[in-house]
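Since the structure comes first, as structure tokens, the remarks are kept for the end.
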Amino acid sequence: MALQLNQNELYRLPWTLPDNAISWLEPTSACNLYCDGCYRKNQPNSHKTLEEVRHELDVFNRLRKTDGVSIAGGDPLTHPQIEKIVEMIAKDGHKPVVNTNGLLLTMEKLRALKNAGVAGFTFHIDSKQQRPHMKGKTEIELNELRLMYASMLAEVGDISCAFNATVYDDTLRYVPEIVRWGQEHIDIVHVLVFIAYRAAPLYKGYEYFVGGQKIDMTPIAYAIDTERKISIMSTDMVEEIRKQYPDFQPCAYLNGTERPDHFKWLLTMRIGTKEKIYGYTGPKFMELGQTLHHVQHGTYLAYTEPKVLGRAKSMLLLSPLDRGLSRTANSYLHDAFRSPGLLFKKLHMQSVLLIQPVDFMTNGALSMCDGCPDITVLNDKLVWSCRMEELMTFSDWIRAVPVRDGGQPAESITSVH
Ligand code: SF4
């Protein structure tokens, strides 16, 4: 039986449409790489002007409280004025975080972005990208590339370093190894994100409509006509990680719009050194962090500064308030008692985030992340970035209708267990 988590034992992140930790800006749809599973059509001449970017930021400022702004695309480093964009976001009082494949990142570019106010990078690296000189490399072999980018950021200092990887049926087994690699570099890698592969199947199961009109989904970037697994769940990833880390324990989540017991964003915070993970924070710690940040700054917390993550030892003082922290403190003190040198070592905090994007339900409903953090702006409205192609192609959201006669029944490809 598939792993079950009890949502009542986790903290439901308080993020909503008008008040969220993160927002998603796409200054371009141009990209210099092909990634399997990308939601956006690659459009070479699609850089937005600074005026257009300013306008979208103003829409965010009017409609949505936010702590961080993910600058995505396309690859935002292809935009000739990326430093200016970072500067605009920082001047608005938000944390600019560049989501990139990293290909165009040089030390010079990195320093320029740091001067412009960049708060973090999320590098998308996985084995199903068509990276030059990296074809055929496994997820494990790509750790070398991940380390190169983490080291570049560490050299400049004070920049949050995150990696994300899309997870497919045949790469799920590598997730624990990447999590282990993350532990080895817990001092310079702050966040690991694993995103289950999703696509809209054309080959069986559903037909698609806009209004009452049946439509041809073929032009949509995330439509696929060959059979692939599109139902990996965040709990499947937990199960896999527990093969390497049996006590791996998430603390917070966002549910699905169709299912309160689905974990669309499932967050785990672990504390340790390069040699050992001492434990995992519990839900109360997350609740405290989100609430205090909102009281103090008016927004929910998105990215914690690296220097704060490096002070995890002082966070153990909150043990009386959080069972996860208390277990972590006990395990740490147990080891420190046997080897007192440990008391002089830094303890680091690192997040592991598991994302289960759009799910096709058996009745054709599409279950989204409730409180979606990756909301972007299109035509002055806030929209899901993962489905924006539908609006750009058909001027409306598509509806999926299960095919009951002929073809395979929809149940066989959905994620509903
Ligand atoms: S709803 Fe879509 S855009 Fe929003 S967080 Fe989930 S996968 Fe990302």
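Taken together, THR218, THR138 contain a single residue that is surrounded by fewer than 21 Cβ atoms within 10 Å (Cβ to Cβ) and within 30 Å of MET361 (Cα to Cα), which is THR218.
Might you let me know whether segment 227-237 holds any residue that is closer than 30 Å to HIS334 by Cα, more than 16 Å from the ligand (Cβ to nearest atom), open to solvent by 20 Å² or more (accessible area, probe 1.4 Å) and part of a loop (DSSP other than H, G, I, E, B)? No: segment 227-237 contains no residue that is closer than 30 Å to HIS334 by Cα, more than 16 Å from the ligand (Cβ to nearest atom), open to solvent by 20 Å² or more (accessible area, probe 1.4 Å) and part of a loop (DSSP other than H, G, I, E, B). For CYS369, only one of the following conditions fails: (1) at pLDDT 95 or above; (2) away from the ligand (no atom under 16 Å from the Cβ); (3) open to solvent by 10 Å² or more (accessible area, probe 1.4 Å); (4) not aromatic (Phe, Trp, Tyr). What is its number? Condition (2) is where CYS369 drops out.
Is at least one residue of segment 275-285 part of a loop (DSSP other than H, G, I, E, B) and open to solvent by 10 Å² or more (accessible area, probe 1.4 Å)? Yes, that holds for at least one residue.
Selection of segment 107-122 for residues being part of a strand (DSSP E or B), buried (at least 23 other Cβ atoms within 10 Å of the Cβ) and not small (Gly, Ala, Ser) yields only PHE121. With respect to the conditions (1) at pLDDT below 95; (2) within 16 Å of the ligand (Cβ to nearest atom), ARG311 lacks only one, and its number is (2). With respect to MET392, determine if the residue is within 16 Å of the ligand (Cβ to nearest atom) and open to solvent by 70 Å² or more (accessible area, probe 1.4 Å). It is true that MET392 is within 16 Å of the ligand (Cβ to nearest atom) and open to solvent by 70 Å² or more (accessible area, probe 1.4 Å).
With respect to VAL352, is the statement that it is away from the ligand (no atom under 16 Å from the Cβ) and either open to solvent by less than 10 Å² (accessible area, probe 1.4 Å) or under 14 Å from the mean Cα position of the chain (by Cα) (or both) true? Yes: the conditions hold for VAL352. Which one is modelled with the lowest pLDDT, of the residues in segment 241-272 that are among the charged types (D, E, K, R) and more than 16 Å from the ligand (Cβ to nearest atom)? Once the filter is applied, the top-ranked residue is ASP261. Of the numbered criteria (1) within 20 Å of the chain's Cα centre (by Cα); (2) buried (at least 21 other Cβ atoms within 10 Å of the Cβ); (3) not β-branched (Val, Ile, Thr), the one HIS79 fails is (1).
Out of curiosity, is GLU240 charged (D, E, K, R), open to solvent by less than 40 Å² (accessible area, probe 1.4 Å) and not in a loop (DSSP other than H, G, I, E, B)? So GLU240 passes the test.
So, of the residues in segment 1-41 that are open to solvent by less than 40 Å² (accessible area, probe 1.4 Å) and polar (S, T, N, Q), which turns out to be nearest to GLY74 (Cα to Cα)? The residue in question is SER29. Checking each residue in segment 273-308 for being more than 23 Å from the chain's Cα centre (by Cα) and modelled with pLDDT under 95 picks out no residue at all. Among what's in segment 203-226 and is farther than 21 Å from SER385 by Cα, in a loop (DSSP other than H, G, I, E, B) and not basic (Lys, Arg), pick the residue that is nearest to the ligand (Cβ to nearest atom). Looking at residues that are farther than 21 Å from SER385 by Cα, in a loop (DSSP other than H, G, I, E, B) and not basic (Lys, Arg), I get GLY205. Tallying residues that are within 17 Å of the chain's Cα centre (by Cα) and either within 15 Å of the ligand (Cβ to nearest atom) or without any contact (Cβ under 8 Å) to a residue 40 or more places away in the chain (or both) within segment 36-54 yields 4. The criterion of at least 3 residues that are in contact with a strand residue (DSSP E or B) (Cβ under 7 Å, 6 or more places away or on another chain) and within 27 Å of ASN99 (Cα to Cα) is met, among strands (runs of 3 or more DSSP E) falling completely within segment 297-403, by 348-355, 381-384. When ILE85, ILE125 are checked against the criterion of being in contact (Cβ under 8 Å) with a residue 60 or more places away in the chain, crowded, with 18+ Cβ neighbours inside 10 Å and in contact with a helix residue (DSSP H, G or I) (Cβ under 7 Å, 6 or more places away or on another chain), a single residue qualifies: ILE85.
Note on segment 318-331: residues that are more than 10 Å from LYS284 (Cα to Cα) and in contact (Cβ under 8 Å) with a residue 60 or more places away in the chain total 0. Based on this model, can you work out whether ARG270 counts as touching a residue at least 24 places away in the same chain (Cβ under 8 Å) and farther than 20 Å from ALA162 by Cβ? No.
The values are calculated or read from the model by the stated rules, or taken from the named source; none is laboratory data. No experiment lies behind these values; they were computed from the predicted model shown. Heads up, the Cβs are rebuilt from the backbone with ideal geometry, glycines too, and the neighbour counts pull from every protein chain shown. For the accessible areas, the whole protein counts, side chains as well, though only heavy atoms, and no ligand, DNA or RNA atoms are used. Shrake-Rupley method; radii C 1.70, N 1.55, O 1.52, S 1.80 Å.
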